[in-house]
């Protein structure tokens, strides 16, 4: 689901220096989020993600990092355990499939 939520990402860099990044989510789901950040994190890195609005924090793993416009990095984070309540929104059930009308060809 496309949703902007302010989060704080905290962890330890490879140099053993702690870091803290404030960002906004682009996409969220029960398993994590896609966030554009200004720092390239390492795939497999363990971090803490804090929902700034609620103050709740969860452990996450960096799953994917790819360059994004403006010198940023699109970074996918996966929760250590699925946590649909972290975002404080309701998700449709996984088996939900929207069945709308079939698109018609216009000739």
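Rule-based calculations on the coordinates, nothing more; no lab input. Please read all numbers here as calculations on a predicted model, not as lab measurements.
Key figures
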read-out: Where Rh is the Kirkwood radius over Cα pairs, Rg/Rh for the range 6-79; value: 0.92
read-out: Beta bridges per DSSP with both ends in the range 6-79, % antiparallel, nearest 5; value: 100
